[in-house]
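Here, each number is a calculation from the coordinates, and none is a lab measurement. All figures in this text were calculated on a predicted structure; none of them were measured in a lab. As a convention, Cβ positions derive from the backbone with ideal geometry for all residues, glycine included, and neighbour counts pool all protein chains shown.
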Amino acid sequence: MTLAVHMRCQRVRVGVGMALRHCTGNFLSPRRSAYMTPHSSMSIFSRQMNMEAQSVAAHLNSSGFIRSQGLIGGKWTDAYDGKTIKVCNPATGEVITNVPCMGGKETNDAIASAYDAFVSWSKLTAADRSKCLRKWYDLILAHKEELGQLMTLEQGKPLKEAIGEVSYGASFIEFYAEEAKRVYGDIIPATLPDRRLFVLKQPVGVVGAITPWNFPLAMITRKVAPALACGCTVVIKPSELTPLTALAAADLSIQAGIPPGVLNVVMGNAVDIGDALLASQQVRKITFTGSTAVGKKLMAGAAATVKKVSLELGGNAPCIIFDDADLEVALKGTLATKFRNSGQTCVCANRVLVQEGIYEKFANALSSAVQSMKVGDGFGEGVVQGPLINDAAVQKVESLVQDAISKGAKVLVGGKRHGLGLTFYEPTVMADVKGEMLISREEVFGPVAPIQKFKTEEEAIRLANDTNAGLAAYIFTTNVQRSWRVTEALEYGMVGVNEGLVSTEVAPFGGVKQSGLGREGSKYGMDEFLEAKGLVQLPSPFAMTSSKSSFPCGGRGASIFCVSLLLLLS
Ligand code: ADP
């Protein structure tokens, strides 16, 4: 899901929420011309759209909800050289505010703060950490509306969906506030009669968390909540496209009593920040959600200091509809997995594989459902499809659709930029798609459902697995045996059976193959931030004395030496 975003740091700092300014820069200029459409009714609609967004921005600003500085060691901080980046509303092209364009120096200070804070945060009892997390959760829910509005402003998703993400994001904090108290070690039956073996679980240390723009809150809480629950401290780098939700959530973490330095936020020059996180000996773990290309770079970079790495990367999800599927269930599931967040999620159905017996019926039903989707500003009544994040995103969708058309695919609905202009794209259904088309091989990250026909179950499995990605897959069938057979054959980290939504805080989320490493959410998500320390003990001086006869080393000192040797060899 890499999008060429050309953002330049600039020196001038402008006020917050001054919604009359438009974003400039390569990626926004096409938006502006489309926005100035001569179509008069469209202009009235756009003006209404702007007024709504402007009044929300003004309200959030006056209530202190729009933070426009980074957070280092508990202090709100500008970039040291004063440079800033614009944060824009994708539905209007207007500037919401400017945030600091930070780099390596600020990141190193954030790491140092996190390193200092680790000493005391990791020593707190799990119950005390849990209380802080619970308070943070309560505050996020208490400000669900404002956080949702902020998310719609900077990311574009419909308000209802944004508020849904706030609840979903908060659920990780609640879950891990509870899990904090369940970090159990082990006692292992020893191989020698007078030895005792234990496993202690301890926090890895300072964590660098790099997150994308499509889920401005949930991608952060899914990483930060388990990290903090374990006793780790974090430096977060949110996407420069959507830093405001992250900053507002960070502000609430301070109000919740999470001590200064435990949670730091830097943003700006992604490469410099990433390099500083990778180079630091103090950062012991990198957790990343984003494109496969950047994930590979981070994995390679982490090798120099041998950090732990968790990667949640791109997908190419097949959504398989068998002849024996319940049409209504399949339709509902496909719409949910394909069109959520305007198709901009890594678990979105990327290929809709439909068996020949139900192909026509399903394509017709999907087309008429998609035809009736309301597109617009996320604040608009009844809107279910917002804008794409930026013009680069629209261009990518356009090129994939054009490639498919040129190779024989048919557009059933949509297929072009929406009349609203800017980065709005029509919800689209395409038929007669083939495996060799780019749309089947690349992550679309837009509201396009490409339908491909298949004949047999074996063919469906082969097509589904014919990709380097392996994040989520979906199957729709009423045959229980088939559902198990196909689930087991799919090379994916998650499978939805008659279900289009697979994300929940209580289940593991993550991919296989080039979709990533590690799992987020659930009890498995805790392990990513823990080290298992082996402990071999001689429980008492008596045991040490008695060990003389049974152990091929002489005396107390030698016994301790031998235990150390055992540890080294294990
Ligand atoms: P997306 O297409 O979702 O923006 P990216 O992988 O480009 O996916 O970005 C995900 C996150 O990774 C963002 O926060 C982005 O700023 C960050 N990022 C991009 N390039 C790098 C890099 N070289 N080092 C560290 N972080 C990076």
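In plain terms, the chain from D81 to S62 could stretch by 4.1 nm, reckoned as 0.36 nm per residue minus the Cα-Cα distance.
Could you tally the net charge around F322, taking each other residue with its Cβ under 9 Å from the Cβ of F322, Lys/Arg +1 and Asp/Glu -1?
Overall, the nearby charge balance is -2.
Against the longest principal axis of the chain, how steep is helix 126-142, in degrees 0 to 90 to the nearest 10, with axes from Cα atoms? Approximately 10 degrees, to the nearest ten. Electrostatic tally near N350: other residues with Cβ closer than 10 Å to its Cβ, Lys and Arg +1, Asp and Glu -1, net +1.
Report the GluC sites (Glu not before Pro) located in the range 429-492 that are in a DSSP loop and have at most 11 other Cβ atoms inside 10 Å of their Cβ, or state none.
Here the GluC sites (Glu not before Pro) that fit, given the DSSP loop and packing criteria, are E436.
Projected label points at K453 and D326, each 7 Å from Cα along the beta carbon direction, are separated by 2.8 nanometres. Counting neighbouring beta carbons within 10 Å and listing from fewest to most, the residues L247, L388, L331 come out as L331, L247, L388. Here the gap between T504 and E398, fully extended at 0.36 nm per residue and compared with their Cα-Cα distance, gives a gain of 35.0 nm.
Helix 218-230 and the long axis of the chain differ in direction by around 10°, with both axes built from C-alpha atoms.
For L124 and R482 in one chain, what is 0.36 nm times their gap in residues minus the Cα-Cα distance, to one decimal in nm?
Result for the pair: 123.9 nm of gain on full extension.
For the chain, what does the alpha-carbon gyration tensor say about shape, rounded, prolate or oblate, given a ≥ b ≥ c as the root eigenvalues, a/c under 1.5 as rounded, and a/b over b/c as prolate? It is oblate, given that a/c is not under 1.5 and a/b is not larger than b/c. Among the listed pairs K75/K105; K410/K513; K105/K533, a Cα-Cα separation exceeding 23 Å is found for K410/K513; K105/K533.
Helical runs (DSSP H, four residues minimum) scored at -39500 (n - 2.57) apiece and divided by the length of the chain put the mean residue ellipticity at 222 nm at -13000 deg cm²/dmol.
The H on the amide N of A449, modeled in the peptide plane, is under 5 Å from the matching H of T428, V429, M430, each at least 5 residues off or on a different chain. Between E145 and D275, the modelled label-to-label distance comes to 4.6 nm, taking each label 7 Å out from Cα in the direction of the beta carbon. Here the chain is assigned +1 on the Cβ of each Lys and Arg and -1 on the Cβ of each Asp and Glu. Its dipole about the Cα centre then comes out at about 1240 debye.
With angles folded into 0 to 90 degrees, how steeply does helix 327-339 sit against the dominant principal axis of the chain? Use alpha carbons for both and round to 10. Helix 327-339 and the main axis of the chain meet at about 80 degrees.
E145 sits among other residues whose Cβ lies under 14 Å from its own Cβ, and their net charge, with Lys and Arg +1 and Asp and Glu -1, is -1. Placing dummy labels 7 Å off each Cα toward the beta-carbon, the span from L535 to S55 is 6.1 nm. Classify the range 313-396: rounded, prolate or oblate, from the alpha-carbon gyration tensor (a ≥ b ≥ c, eigenvalue square roots; a/c under 1.5 rounded; otherwise prolate if a/b is larger than b/c)? Here the range 313-396 falls in the oblate category. Residues V397, V502, arranged from fewest to most other Cβ atoms within 10 angstrom of their Cβ, appear as V502, V397.
Projecting the Cα atoms of V306, F529, A250 onto the charge dipole of the chain, computed from C-beta unit charges around the Cα centre, puts V306 farthest toward the positive end.
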